[in-house]
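> For reference, the structure I am asking about is given below.
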Amino acid sequence: MIRISRDICVNTETATRREWLDTNGIGGYASSTVINCHTRKYHGLLVAALAKPRGRYVLLSKAETSLVSHDREFVLATNKHPGVYHPTGHQFVDCFEQGLFPAVTYRIGDVRIRESVMTLHGENTVLLCYELLEGKVSPVMRVRPLLAYRDIHALTKENMFLQPKCFVKKNGCVIEPYEGMPPLHMGTNRASEFFPGPKWTRNVEYLIERDRGFDYQEDLFCPGMFETRLTRGKPVIFAASTTPLGNLERRRKAETARREALFAASGDRSRSVHWLKYFGDQFLVRNASGFASVIAGYHWFGEWGRDTMIALPGLTFHAGRREFGEEVLAAYAGLERDGLLPNYLDQKSEHLAYNSVDASLWFFWTVQEYLKTGGSRAFVMRHVYPALRSIVAAHLDGRVPLCGLADDGLLYAGNETTQLTWMDAQAYGRPVTPRHGAPVEINALWYNALRFFLELAGGDDALASRAREAAARLEASFIDRFWSAEERCLCDVVNGERRDHAVRPNQIFAVSLPHSLLDVAHMRAVISKVQAHLLTPCGLRTLSPRNPAYSPFYRGDADSRDSAYHQGMVWPWLAGHFGEALLRQAEDKAGAKAFLRTYFKPILREFPDNFGIASVPEIYTGNPPHQPRGCIAQAWSVAEAIRLNKLLRN
């Protein structure tokens, strides 16, 4: 369990930099800061993943709670408004704790109250549980729900289209604010009364959105107030849901039991890895179509094919969730088209975007990891091999859009206007890192795919013969085309006579993948270059600091941030492949393991208690001290931390 002390919580500067997350297994979540003062438009208590209208929506933004005793009202909520925090409930925070669910404890005199948040797995429901831990009084408790009812990327303003009428029920009410949106059921487990009182709370500010260059002021609608009494030994549960509430105590007990079982199944001798495996489940979802998939990152990422393939081994096969991983493999195998897997599954429609060249090539590595961890070869041959075979055939036949094989065996992809690799940022209307041509990791992945396909194909059929010839051509030309004698490492991209000598981490995959095109001497040269230029305790930089284009900061508006995204930012997920590459060529493997355990301690052993609590972020800034940036919880960052930890034990 992580505990954040009062000293940090009462300081809005430090408290608002720490965010918690609780997910529901279908793409929805609850999230805020440790003092429940929202700093992002993505924060909310009920961020629902809806089938109709399809997408993620912030329905219930906040529940402002207050306690009344001896004619005094103590408001526990904290909001940021222009020039002021109001109300200032953070002054009562005693501590924040993150265990199976997030909880904030408040102290008012000799009274201690704990508020915990729990989303229910598989549905758009959130439970807020209030417990009186200490105190001789039984205060009146008031809850004022604040509704946003908008897409996660948008903001709400006071408007005349909202329908404020509430339908009062026993211990609760139902409101249908907008036509075409689901109703919101709200209520408590104990006797309570709802007092209608429609009112807008104006100009709530989200400071991180301001810093990111986006609109950051919102109006939230309060339909009225719930009032009940809080008594020691009788917790009050306040719930909000898109469906009728049912027995709240029974539902909370069942969800707690589910989480306890999940935590037990995530067992590990390392406390930090144990928790990391447990929280890794947050990325595994069944979307509105019932499709088993992976959310790439919270709060704003959806389901991405490339991210899914890279994250799946760590989140499932190496974390004791093989059956779910098998479902994802089989599901994505069924989506193969013309040698590609979808890079993006649109959360607002059934649209699939086949706009990456590497997702289908990472698919081969994902299956290799599955088999390495004891997966069933029979499952692969029945459910996955047809897609793998189709991918190889499409590439050899020249049917893959914007891709083609040259006479020397290199796989070329894209043009001046496309970004088909994982370094896909665009800023000011153009690619930031143009990598059209033959990117080094694409060719390393293609060779690995060919060799693995030949392992599975067995017999000497026509396709296997062509694959063998393609692998041999690539073997013969790879070093000649990619090796930079000047830099003593691999070039990042080859395009005809043009070679990009920028020192980037993509060359590490030529060492780390199961089938490598490099001999030990070349492997060690690559490792040496990456270690000298790109290695940090939080992962690998995306560009050498010695390059004039290096950008160590991630700040400003979207174009400014995207300009730095792959130009020096540190990506934690790359640590897994660096570790694997280092171990592969090390003479002293025990020494290499000891080095990796110590050096990557910030992402392997020190359980995070800042930025995204209990998770590994998307990126860090390039220069020390490396500051977490981007998504607070990134699937492949967490997954590769789990996988690398396992590698260091085997």
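Laboratory data are not the source of any read-out in this text; all were calculated from the coordinates shown. Every value quoted in this text rests on a predicted model; they were computed, and no experiment measured them. Here the Cβ positions follow ideal geometry from the backbone for every residue, glycine too, while neighbour counts run over all protein chains shown.
> Sequence-distant or interchain residues sharing an amide H contact under 5 Å with residue 200, placed H: which?
222
> Over what distance in Å are the Cα centres of region 419-443 and region 490-511 separated?
12 Å
> Rank the residues 136, 169 as a footprinting-exposure proxy: fewest other Cβ atoms within 10 Å of their Cβ go first. Before the final figure, lay out the partial values.
Working: 136 7, 169 14.
Fewest to most other Cβ atoms nearby, the residues stand as 136, 169.
> Something else now. Give the cysteines in the chain for which no other Cys Cβ lies under 4.7 Å away, or write none if there are none.
Lone cysteines by the Cβ rule: 9, 37, 95, 129, 222, 403, 489, 491, 538, 631.
> What is the Rg over Rh value, at two decimals, for region 427-471, using alpha-carbon atoms and the Kirkwood definition of Rh?
On the way: Rg = 15.7 Å, Rh = 12.5 Å.
Taking Rh as the inverse mean 1/r over Cα pairs, Rg/Rh reads 1.25.
> To continue, here is another question. Can you give the angle from 0 to 90° between the axis of helix 574-585 and the longest principal axis of the chain, with both taken from C-alpha atoms, to the nearest 10?
Helix 574-585 sits roughly 40 degrees off the main axis of the chain.
> Here's another thing I want to ask about it. I need 512, 465, 477 ordered by Cβ neighbour count within 10 Å, fewest first.
Fewest-to-most Cβ neighbours within 10 Å comes out as 465, 477, 512.
> Let me ask another. Taking one equal scatterer on every alpha-carbon of the chain, how large is log10 of I(q)/I(0) by Debye at q = 0.08, 0.09, 0.12 1/Å?
Here the Debye-derived log intensity ratios amount to -0.61, -0.76, -1.24.
> Test of the criteria: in region 163-243, which GluC sites (Glu not before Pro) are in a DSSP loop and have at most 15 other Cβ atoms within 10 angstrom of their Cβ?
On the way: sites: 179, 193, 205, 209, 218, 227; in loops: 179.
Here the sparse-neighbourhood loop sites are 179.
> With a 10 Å Cβ neighbour count serving as the proxy for reagent exposure, in which order, fewest first, do 210, 322, 504 appear?
Details: 210 14, 322 17, 504 30.
Starting with the residue having the fewest Cβ neighbours, the order is 210, 322, 504.
> Here's a follow-up. Compute the angle between helix 635-647 and the longest alpha-carbon principal axis of the chain, please, reported from 0 to 90 degrees and rounded to the nearest 10.
Rounded to the nearest ten degrees, it is 60.
> Suppose the chain between residue 594 and residue 84 were pulled fully straight at 0.36 nm per residue; how much longer would it get relative to their current alpha carbon spacing? If you can, show how the numbers build up before the last one.
On the way: separation 510, 0.36 × 510 = 183.60 nm, distance 4.93 nm.
Going from the current span to full extension adds 178.7 nm.
> Check residue 616: other-chain or 5+ apart residues with amide H under 5 Å from its amide H, H built from backbone geometry?
Amide H to amide H, under 5 Å and 5 or more residues apart or across chains, residue 616 pairs with 634, 638.
> Using a ≥ b ≥ c from the Cα gyration tensor of region 2-260 (square roots of the eigenvalues), is it rounded, prolate or oblate, where a/c under 1.5 gives rounded and otherwise the larger of a/b and b/c decides, a/b for prolate? It would help to have the intermediate numbers written out before the result.
Details: a/c = 1.29, a/b = 1.11, b/c = 1.17.
Note, shape of region 2-260 comes out rounded.
> Using 7 Å Cα-to-Cβ label points, what is the residue 466/residue 13 separation (nm, one decimal)?
About 6.5 nm, to one decimal.
> Enumerate the calculated ³J(HN,Hα) couplings along region 143-151 in order (Karplus 6.51 cos²θ - 1.76 cosθ + 1.60, θ = phi - 60°), each rounded to whole Hz, writing x wherever the residue is Gly or Pro.
Ordered by residue, 3J(HN,Hα) equals 10, 10, x, 10, 9, 10, 6, 7, 4 Hz.
> Suppose the chain between residue 415 and residue 286 were pulled fully straight at 0.36 nm per residue; how much longer would it get relative to their current alpha carbon spacing? Write out the running numbers ahead of the final one.
Working: separation 129, 0.36 × 129 = 46.44 nm, distance 3.50 nm.
Value of the extension gain: 42.9 nm.
> To the nearest µm²/s, what D does Stokes-Einstein give for region 218-293 at 10 °C and 1.306 mPa s, using the Kirkwood radius over alpha carbon pairs as Rh?
Working: Rh = 16.4 Å.
Value of D from the Cα-based Kirkwood radius: 97 µm²/s.
> Alpha carbon centre of region 575-650 versus region 135-179: separation in Å?
For region 575-650 versus region 135-179, the Cα centre distance is 42 Å.
> Something else about it: At a Förster distance of 22 Å, what's the computed FRET efficiency of residue 231 paired with residue 5, Cβ-Cβ distance as r, to 0.05? Kindly include the intermediate steps, with their values, before the conclusion.
On the way: r = 28 Å, r/R0 = 1.28.
For residue 231 and residue 5, the calculated efficiency is 0.20.
> Obtain the nm distance between the two label points defined at residue 519 and residue 559 by a simple spin-label model: each point lies 7 Å from its Cα along the Cα-to-C-beta direction.
With each label placed 7 Å out from Cα toward Cβ, I get 5.0 nm.
> In Å and on Cα atoms, what radius of gyration and Dmax does region 304-385 show?
Cα only, region 304-385: 12.2, 36 Å (Rg, Dmax).
> Would you please give the residues with an amide H less than 5 Å from that of residue 127, counting only those at least 5 places away or on a separate chain, with H modeled from the backbone geometry?
118, 119, 120
> Using the alpha-carbon atoms, what tilt in degrees (0 to 90, nearest 10) does helix 589-599 show relative to the longest principal axis of the chain?
The angle comes out at about 40 degrees.
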